[in-house]
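> What follows is a structure written as structure tokens; I'll ask about it next.
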Amino acid sequence: MSLSGEGLLLRIYIGESDRHEHRPLATALIERARREGLAGATALRGLQGFGRHSTIHSANILRLSSDLPIVLEIADTVEKVEAFLPIVEEMVPEGMATLEKIRIIFYRSHRQE
């Protein structure tokens, strides 16, 4: 698959202790994005952050948190990302999601499909 042109970047901000059906929410979202045929997804674990409740979660050894911030990034065509948004709405009971317009330069693989 080759992909280029206008697209959307979906960022989903959650905590690493968040769950969906007894599984880590980040894992559940990535697996669902794959099943839905999105181009790819990446989970980034934050060193420190806070959300709506203003509780600071930190990887600092003196304040070691078991709920560090997680940011999921999913980039694809406008149509595919917009079709995925209702799934995100249903799966993420607490957190934040943002969208950015992007220009995809390339998305390619050497592997034949």
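> Residues that are crowded, with 17+ Cβ neighbours inside 10 Å and either at pLDDT 95 or above or touching a Pro at 6+ places or on another chain (Cβ under 6 Å) (or both): does segment 91-109 have at least one?
yes
> Taking the condition of being of a type in the set (D, E, K, R), in a loop (DSSP other than H, G, I, E, B) and either under 16 Å from the mean Cα position of the chain (by Cα) or modelled with pLDDT of 95 or more (or both), how many residues in segment 22-66 meet it?
First pass over segment 22-66, keeping only residues of a type in the set (D, E, K, R): 23, 31-32, 34-36, 45, 52, 63.
Next, from what is left, pick out any that are in a loop (DSSP other than H, G, I, E, B): 36, 52.
Of the ones still in play, those that are also either under 16 Å from the mean Cα position of the chain (by Cα) or modelled with pLDDT of 95 or more (or both) are 36.
The qualifying residues number 1.
> Is one or more of the residues making up segment 18-25 surrounded by fewer than 17 Cβ atoms within 10 Å (Cβ to Cβ) and under 28 Å from Ile104 (Cα atoms)? Before the answer, list the steps.
As a first pass, look at segment 18-25 and keep what is surrounded by fewer than 17 Cβ atoms within 10 Å (Cβ to Cβ): 19, 21-24.
If we keep only those that are under 28 Å from Ile104 (Cα atoms) as well, we get none.
No - not one qualifying residue is present in segment 18-25.
The values are calculated or read from the model by the stated rules, or taken from the named source; none is laboratory data. None of the values given here were measured: they were computed from a predicted structure. Neighbour counts run over all protein chains shown; Cβ positions are idealised from the backbone, glycine included.
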